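Data first, discussion second: the structure below is written as structure tokens.
Taken together, the values in this text are just the output of simple stated rules run on the coordinates, not laboratory data. Quick caveat: nothing in here was measured; it's all calculated off a predicted structure. Note: ideal-geometry Cβ built from the backbone for every residue, glycine included; neighbour counts use all protein chains shown.
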Amino acid sequence: MTIVKNYEEALAFIHGRTKFKKIPTLKRMQTFMKALGNPETKIKAIHIAGTNGKGSTLTFLRSMLQESGYRVGTFTSPFLTRFNERISVDGVPISDDEILRIIQKLIPVIDHLDATLPEGGPTEFEIVTAMMFSYFAEGHADVVLIEVGIGGLYDSTNVVNPALSVITNIGFDHMKLLGNTLGKIAAQKAGIIKKGVPVVAGQLNEEPLAVIEKVAEKKQSLLFRFGQEYQATHRHYQELWIQKFDFTTHHVQFKDLRIKMLGNYQINNAAAALQAYLVFMDQEKLPILEKNIRKGLANAFWPGRFEKVNEQPLVVLDGAHNEPAFEEITQLLHTHFRQYEIYVVIAILEDKQYHKMIQTLGKLKNVHLIATTFAGPGSRKVADLQELTKNVQTANPILKQENWQLAIAQATQIMSEDDLLLITGSLYFISDARKLFVEDN
């Protein structure tokens, strides 16, 4: 039997597991859950899928629910600072001791599955998901917001039957696993839609929306679509780090809602979260108080999402790590920071569409790119600097610096105190860089 005696050994055990199996399936996870007494059936959950915006949407929703008196559990990935962040209650990560206790509880079952399943026992993410279900089945939260890992249909979180499903948006990412068209990717995300369970859809293109609509109809799930059943109207910026929007459904209207996470995409995320909140509160037969919505949205904060970590010079971290996210951040820089010269220290994982990402951001005339590398997570490789900058068209020449700390130092030497430094390209990369600026690391 596997012996794990402390927190460090628990993490080593978890991270030492295989990441993926050859054939995607939920059967292994269902077997795992059954052996644990089906903890996923003992929680009230909201399930959140999407290419981007899952974490931000979850944060807006969590904040509104907390203002309404709920203890809110969350399951997110990846973590930014410590593994424990992945399982939290009201934003407070699970303790080291609880991680150890839960993994010790799971190990006999994992050992049994290792010995009996033809393809071997559960993967790393399946184990972390099982830890989350086991922990929250003990009653630590009133409602649990569960973020999908990758896709939806075969994701290990998809054993849950939630009160509500949310699909934030659909774009190109993880194509090797999910498919190379938006329709195919949408079919994977739509896999979280359960029979008779309402679905909130964020802003979607025509092709993926048609897929979501078809699945929702087949599953007899009430569908709330951005721009149809609910709408968000962006109001002009009045302060640099605050944006406002109006929210409307067939039944309610809220004007001048404020959020401190920037970008039109964050308004879309906040609107999806608000629609999910309204549906959930209606299910719970609880009154909807506008003050809880306003305060919840205004207080919502998710580290690493256009996060200001230094005032002078202005330094911002953003975990954008795929082409759709780079399109969004490019739009934000163009509309909101056009008066700045923007220096971007960028590192991207090898399995991403890095040429497209760099060309998208680099087309802005006020953007100056410094490409760099970092130690990627586990066995995942970071894009080679020569390959990263090969055959890309940008408004300004791309500088290259292998060492990311030196790249940041180089940027701060070139830029003036009135310029903006953006560090981006990977959540894993900004997790490393954040330690230079934020003390809680």
From phi via Karplus (6.51, -1.76, 1.60), per-residue ³J(HN,Hα) for segment 84-96 in Hz, x at Gly/Pro: 4, 4, 5, 10, 9, 10, 6, x, 9, x, 4, 7, 4
Karplus (6.51, -1.76, 1.60) ³J(HN,Hα), θ = phi - 60°, over segment 9-16, in Hz, Gly and Pro reported as x: 5, 4, 5, 4, 5, 5, 6, x
Per-residue ³J(HN,Hα) for segment 276-282, Karplus 6.51 cos²θ - 1.76 cosθ + 1.60, θ = phi - 60°, Hz, x for Gly and Pro: 4, 4, 4, 5, 5, 5, 5
Anisotropy class of the chain from Cα gyration tensor, a/c 1.5 cut: oblate
Amide H contacts under 5 Å for residue 344, placed H, 5+ residues apart: 368, 369, 370, 422
Theoretical ellipticity at 222 nm over the chain - DSSP helices of four or more residues, -39500 (n - 2.57) apiece, nearest 500: -11500 deg cm²/dmol
Shape call, segment 301-441: gyration tensor on alpha carbons, a/c limit 1.5: rounded
Magnitude of the charge dipole, segment 269-337, Cβ model with Lys/Arg +1 and Asp/Glu -1, debye to 20: 360
Distance histogram in 5 Å bins (all Cα pairs of segment 62-150, percent per bin): 3, 13, 23, 22, 18, 11, 6, 3, 1, 0
Selection from 109, 150, 135, by position along the positive dipole direction of segment 93-250 (Cβ): 150
DSSP-assigned coil residues among GluC sites (Glu not before Pro) in segment 355-434, each with at most 12 further Cβ atoms within 10 Å: 417
Neighbour-limited loop hits for GluC sites (Glu not before Pro), segment 134-226 (at most 14 other Cβ within 10 Å; DSSP other than H, G, I, E, B): 138
Three-way shape label, segment 242-335, alpha-carbon gyration tensor, a/c 1.5: prolate
Percent RCO, i.e. relative contact order, over the chain, from Cα pairs under 8 Å lying at least 6 residues apart: 15
